[in-house]
Amino acid sequence: MSPTVAATRRQARVPSGGDGPPSLLPRHREVGLTDQQAVDLYRAMVVARRISEACLRLAFQGTLDVAIPADGHEAAQVASIRALRPTDFAYLFYRSIPAAYARGMTAREIMLDSFGRAAGPSSGGKNLPGHWAHRGLNLMSISGSVGTQIPNAVGTALASKVRGEDAVTIVYFGDGGASKSDFHEGLNFAAVHHVPVVLFCENNGIAISVPFEKQSPVGSIAERAAAYGVLGTTVDGGDPLAVYATTCAAVERARRGQGPTLIEAKVSRIGQHTSQVGDLRTRAEIREATAHDPLPAYAAYLRGQGLLDKARQAALEARATSEIAQAIEEARDAPLPEPSAATRDVYGPTT
Ligand SMILES: Cc1ncc(C[n+]2csc(CCOP(=O)(O)OP(=O)(O)O)c2C)c(N)n1
């Protein structure tokens, strides 16, 4: 992780009481989460981590073509997607297992997609694994070309506005994606047309192996927002409560007709880029990334609140293990797409 990312992470805490007297509420209540919702954020983070680990294992065994680990991104993704309503729209990207799961994709659906099976909701086994989409959950279809989901999301948000619907669209991408023209075009168009979109950048400080400093002359993605007249904000992506509060505020602004927000969540990419791309980072850099693992930090918070203990943690892990084992078994046995499906949803009818 770059020094810039580390420094900003340390500063990026949502203030608990603003200018008034300090709040007596626990932080999760302060941001509007019940005890149960606060624990459920953690549960989703844990299941997502275990799915991500299982996919990497299966890819190394040669069972999956590719796995794209999300370790370190869980807090940012789970907490942000939970700020949306079911009627809102989301564009994920390839590192989005936690967001997909927290939105409602089951472990079984994630495995069907990972195995490229016909019943996979993302594309029926036709797109690359890891390009998460789900019609019933308003998770929109994405391309493998990084950043292209940004203008698509702006278009979806514009459609909601034109139709007079109050749906908000969120779009996820990495710091590398933010180097694409799609980011600048999308942000500019969203600002000019005042569309209800939240651009959510997961800045893990590295794009495959290119450090953020080699992509950006300024220290943060969020500060680019000013050039487009848009609100830009940086948040500690390892802190799910801060992420939830920040995303809720952005979603509400969008819903009130106050236009787009650019959120930059500083996260750590703990694992390698994908199962197919080895890690070029030094051991010290990987240690530094691992030190910012959001799971133990949030577990410690919940223990401090009396919401988690050893027995609950063990039960949660056991449920995750059996849920994933069953999902793998079902996906392994599920049929591949028929060859005749190859052109379905690719070309329109010829009449
Ligand atoms: C247009 C385009 N160029 C290059 C690639 C190859 N590529 C795949 S992932 C990736 C890195 C993107 O990094 P970032 O957006 O920071 O996300 P991260 O992988 O770190 O989560 C690149 C360059 C691509 N998919 N699309």
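In the distance distribution for the stretch 82-147, Cα-Cα pairs more than 18 Å apart total 25 percent.
Subtracting the Cα-Cα distance of Glu338 and Ala119 from their residue separation scaled by 0.36 nm leaves 77.7 nm. Under a no-solvent Debye model with one identical scatterer per Cα of the stretch 161-200, what's log10 I(q)/I(0) at q = 0.26, 0.27 Å⁻¹? Computed log10 I(q)/I(0) values: -0.92, -0.97. Distance between the 7 Å Cα→Cβ label points at Thr34 and Glu285: 4.5 nm.
Ranked from largest, the principal axis spans of the Cα set of the stretch 61-108 equal 38, 21, 16 Å.
The spread of Cα positions in the stretch 292-351, taken along each principal axis and listed from longest to shortest, comes to 64, 25, 19 Å.
Can you give me the P(r) profile for the chain? Cα pairs, bins 20 angstrom wide beginning at 0, each as a whole percent. Computed distribution, short to long bins: 31, 60, 9, 0.
With contacts defined as alpha carbon pairs under 8 Å and 6 or more residues apart, what's the relative contact order of the chain in percent? Relative contact order, the chain: 23 percent. Expressed in Å, the radius of gyration and Dmax of the Cα atoms of the stretch 156-271 are 13.9, 43. The loop-placed trypsin sites (Lys or Arg not before Pro) in the stretch 284-351, going by DSSP, that have at most 15 neighbouring Cβ atoms within 10 Å of their Cβ come out as Arg344. Taking Cβ atoms as reference points and 12 Å as the exclusive limit, the residues near Asp88 contribute a net charge of +1, counting Lys and Arg as +1 and Asp and Glu as -1.
Relative contact order for the stretch 86-221: what is it in percent, counting Cα pairs under 8 Å that are at least 6 residues apart? Spell out each step's value before the answer.
Details: 235 pairs, mean separation 30.7, N = 136.
Normalised by residue count, the contact order of the stretch 86-221 is 23 percent.
For the chain, lysine pairs separated by 8 or more sequence positions, or belonging to different chains, with Cα-Cα distances below 27 Å total 5. Quick check: the distance between the Cα centres of the stretch 174-234 and the stretch 275-306, to the nearest angstrom? Each part's Cα centre sits 24 Å from the other's. Per residue, the convex hull spanned by the Cα atoms of the stretch 81-206 amounts to 99 cubic angstrom.
The Cβ shell under 10 Å around Gln77 holds other residues with a net charge of +1, Lys and Arg each +1, Asp and Glu each -1.
Since every read-out is calculated from the coordinates, none of them should be taken as a lab result. What you see is a predicted model, and the numbers here were worked out from it, not measured in a lab. Because the Cβ atoms are built from the backbone with ideal geometry, glycine has one as well, and the counts that use them run over all protein chains shown.
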